[in-house]
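Presented below is the structure to which this report refers.
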């Protein structure tokens, strides 16, 4: 019995730091990352990328993808905050991990990086499909670009692409402009057209196509031009973030260090843009940037401070909310001028832009419409790259009470006069009629 | 005990009561017994089940009463209820008749004051029986007023147990009608009394009676139209009198002023079309009075005739013009749909499905007349005969009341209730008069026999007397036989009434009872099980969508917000719910999300054989939904005009939300021995779509007998909107509109033959690997690739009306499965 106690206390003391460090709404940046590899060689060949993560304070746990001991959760608690799948050829995960487990991992708010490669296994393809992108069905296809390839010593087959068609969002790829093209070599994918959550971060040039570079092209390629996405991200509705790319080698030390010259361009860069691009992107993926929170949603009548249970029609009210952005270490006030509040009952009755005080406090005051019913204060803030804010607070609006109407209306004075004069007249008439003989 | 009657008679003797006093004593004790009888006969439901509120509307009344006791009158008056009609809300205080609630709370307060620790629910449960007892007293006085005290007593007894009245006044039936019938009869009685006496005091009392009626029930419109009609008849038949003038004018003016104090009525009383008759008669009355005065002043009859003609023409013309102007300017609102449907029974069916959908608004069947009135149905004409024989202002009133209310009872089942007091009173006259005549005959004969035997002399007189004597034994025997017959009939009536009360009208309908296989009683308490689940397991502000029938119960028992309820004030909102229920799931989810619905509740009787469930009500949802949204078409849910849920059902029926929610996982269930799984006991068929898959909703709770099923609305997919297509369910042997069955016939493109493939098309997205593709592939074997695609496309488009599937994807998948190459560019247009 005592032995178990020792083990228990020991395990608690070991686990405790992890538990304290884990992802929470208060500190949204991920801490514990599980990296699944096909081969431990990747650990060293991609060490620059991993080191940049470690330097930023992440706790990387390297495992082989078919390790029978890997598990994402234990006793209903997730052991990791993020998952990196650098295992394009794995046919079957070890342990209790499968596609459903990974999808559940994402659906409970955790982040995911998937790097596929040529000959990506069905398993990886399936995970990607669940996330809204489809890799080229031809297993040996690669993205080929005969005009946008990266110039190298050997002529090659033009599968090494230098791409600089980035998404235009400072939040996702950092405010510092990426000057150097990014090297890519691998399989292309397309986005599911009905999925509005998936974004193309790096797309292929219009001259690219996806085919097997070794065989002759007999039928037209199924994926062509800028429909091919090289790197995509998904921000799920619960703000879990997913990065999908068809090239594992773009994370490698070799690509990080190699110089790049895009064909047809005379400028030759000493160092490719991969490091900057992928590091910045990983900051976004791991919630070091673009993560908003809204707190202290308040509303009250203009002169009062307490929040009422319901409003009356034509009340003047004030609505306020505080919005902060996570900077990676602390919550900073988020300053913008495009946050709007709706006073909503089946359709917005009032739509008003909130003004801010530069300290993160957004507020607006307006008059309740002359309509009763169950309204909602709605803030639907969806901005490219930022986590979506969707606040709604239900508030009933009641009509006037019986004693809240005006008691005497000036226009009605003739009627009051008529009523009282009739009464007086009737009284006099009765009196005269009865006693005047 | 055996000595009781003897001792009682001794007691009577010892008191030496006179005949009159004895009669009074008997009358009072009979009345007391009737009073108690009327109360206890309504307690079957409490004994059989428990002291609880019944049905649908009473739950709303109970909830409002509870609110009134807790928050006081002013809050009740201004109550804005945001738990119903989400998100519109309902101003409860201004849209209900508060009489019932105020009455119950008053009784409650009095009992509390007398230190009886009762709960408001017990008061609510027993309010209706209490008022039924009071009604018997009013019936007695009314009978006495129009005929004699004997008729009054009989009327009290008849009405105490009449099923037509009991149906709405058993313990637990806490509805407006329970109080309103008392108020109705009281108003009529006092008004007749006022007409008979010409007393201002009685007239005032009738105005207050009317006020109480207005505060209690919308049926006050009947009073306010019957009384002017009655007055008009009196005026036409030349029975105008000062008594009538006083009674009517006082009652109308005061009654109107009082009625306008009820918020729900307000200015309607002077503005709406239904109240115009009473105003017209009021003015006519003044014209009559004026004419009377002129007649008094003018001595020349000819001059008066001319004057009369001019005045009457002018009055009618002015009235007509005023009415026309009022109608055109919109100041006088037109008649409401309910009023129209009373005058024209087919009106509601054609124009307002929401009124026609309520079972108690259906035209009455003959059997239910027999069921509710029994012998009164035959006594009623006899009573009318007696009334006509002794016409007076009072009997004219009861005749008018009887005839009009009988007409309305024929139009709507629920209005049998209004006719019941009239029928009881008129029948009481028949019974009382007959029995009286017969007993008089019996008694007088004895005297005649005595006198005849003592005198016994000759002459024409004596010969006629002898003739009478000879006929007397037959008359006497006849009278005795008739008396026995009458008593037999009345005893049959009593038996029938008790039986009906105990068997038919004492079921709370919220708890269902059935007989088990061994004759034991089985109780289905599923409704309350579901509502308590909602109360305990859902968030406080969860919104529940269900068909409107269950709205009041969900808010009262489940304490959750509902979208629509039994107060059917907003037809569009109800139609939206009807539309959601009759759409495909992915169309319905749009509506459901737009209404912020968290849970969907359906009532399903397929397991227990409970027939008034949502599937049987479904066509009304389609009709009401289609009345506002023409996308919903009733024929889409019918096959050759027939409503069915089995394999032969319409494809839209098999895939609409209501069908899916009711039959979700029902296909796995064995309901009856010797029947296939998925056998629906309420409709006696095997269901047509056993493989129901839900995408946006998930089952949250199903009660133990499957009567209530609750589904949770899933949040939108976290990662991406999966566009899974609606599976199309068709079967081999289905008859398609073209009229031919599906048979295999390979080689040629016959779209009608490809029904098997439709099955597949539905399954494609679900699980193509396991789909039995063989029969379909063999059908298109003989066709060239593109031809196959075109053929399938035509098949789908021709055969499945309004089915919404992504054809190009499904087709290419299917054809690929048949190892065919599809031209990639082939698109099967919608």
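DSSP bridge analysis restricted to segment A:32-124 gives an antiparallel fraction near 10%, rounded to the nearest 5. The P(r) of segment A:202-332 has a tail past 20 Å containing 69 percent of all C-alpha pairs.
What relative contact order, as a whole-number percentage, does segment A:272-335 give when Cα pairs under 8 Å and 6 or more residues apart are counted?
34 percent
Placing a pseudo-label 7 Å from each Cα along the Cα-to-Cβ vector at residue B:628 and residue A:96 gives an inter-label distance of 4.9 nm. Every Cα-Cα pair of chain A was included, and the share exceeding 40 Å stands at 38 percent. Of the beta bridges in chain A, as assigned by DSSP with both residues counted there, near 75 percent are antiparallel.
Per residue of A:367-373, what is the mean number of Cβ atoms on other protein chains within 10 angstrom of that residue's Cβ?
2
Rounded to the nearest 0.05, what FRET efficiency do residue B:325 and residue A:352 give with R0 = 60 Å and r taken as the Cβ-Cβ distance? Could you check? In this case the efficiency is close to 0.85. Dividing the mean sequence gap of close Cα pairs (under 8 Å, 6+ apart) by how many residues segment A:19-172 holds gives a relative contact order of 18 percent. Only beta bridges with both residues in the protein assembly as shown are counted; by DSSP, about 75 percent of them are antiparallel. The stretch between residue A:77 and residue A:179 holds 32.5 nm of extra length on full extension. This uses 0.36 nm per residue minus the Cα-Cα distance. Once all Cα-Cα distances of segment B:254-302 are split into 5 Å bins that start at 0, what whole-number percent is in each one? Spelled out per bin, shortest first, that is 5, 18, 18, 16, 11, 10, 8, 7, 4, 2, 1. Adding -39500 (n - 2.57) for every DSSP H run of four residues or longer, then dividing by how many residues the protein assembly as shown holds, sets the calculated 222 nm ellipticity at -15000 deg cm²/dmol. Counting Cβ atoms of other protein chains within 10 Å of each Cβ in A:396-404 and taking the mean gives 5.
Using the Kirkwood formula over every pair of different C-alpha atoms, what hydrodynamic radius in Å results for the protein assembly as shown? For the protein assembly as shown, inverting the mean 1/r across all distinct Cα pairs yields 38.2 Å. Please report, to one decimal in angstroms, the Kirkwood hydrodynamic radius of segment A:121-173 built from all distinct Cα-Cα pairs. That comes to 13.8 Å for segment A:121-173. With distances taken between every two different alpha-carbon atoms, segment B:558-686 has a Kirkwood hydrodynamic radius of 15.4 Å. Over the Cα atoms of segment A:37-101, the radius of gyration divided by the Kirkwood radius equals 0.97; this is the Rg/Rh ratio.
If you wrap segment B:66-109 in the convex hull of its Cα atoms and look at it from every side, the mean projected area works out to 3.0 nm². Once C-alpha pairs closer than 8 Å and six or more residues apart are averaged by separation and normalised to the residue number of segment B:59-114, the relative contact order reads 33 percent. The slack between residue B:370 and residue B:670, meaning 0.36 nm per residue of separation minus the straight C-alpha distance, is 104.0 nm. Label-to-label distance, residue A:134 versus residue B:570, with points set 7 angstrom from Cα along the beta-carbon direction: 4.3 nm. Each residue, residue B:502 and residue A:403, gets one label point 7 Å from its Cα in the Cβ direction; the gap between the two is 5.4 nm. With the convex hull of the Cα atoms taken as the outline of segment B:295-428, the averaged projected area works out to 12.7 nm². The angle separating the long axis of helix A:274-285 from the principal Cα axis of greatest extent in chain A is about 40 degrees.
Using R₀ = 30 Å, calculate the FRET efficiency as 1/(1 + (r/R₀)^6) where r is the Cβ-Cβ separation of residue A:89 and residue A:59; round to 0.05. The pair residue A:89/residue A:59 has a calculated efficiency of 0.70. The Rg/Rh ratio of segment B:136-214, with Rg taken over Cα atoms and Rh as the Kirkwood radius over Cα pairs, comes to 1.01.
For the segment B:89-98, counting C-beta atoms of other chains within 10 Å of every residue's C-beta and taking the mean gives 2. Annotation: peptides B:321-327, B:352-358, ranked by per-residue average of other Cβ atoms within 10 Å with the highest first, follow the order B:352-358, B:321-327. A Förster radius of 25 Å, combined with the Cβ-Cβ distance separating residue B:236 from residue B:317, puts the computed FRET efficiency at roughly 0.85. Across all C-alpha atoms in segment B:101-233, the radius of gyration and Dmax reach 15.7, 52 Å.
Since every read-out is calculated from the coordinates, none of them should be taken as a lab result. No experiment lies behind these values; they were computed from the predicted model shown. Every residue, glycine among them, receives a Cβ derived from its backbone with ideal geometry; neighbour counts consider all protein chains shown.
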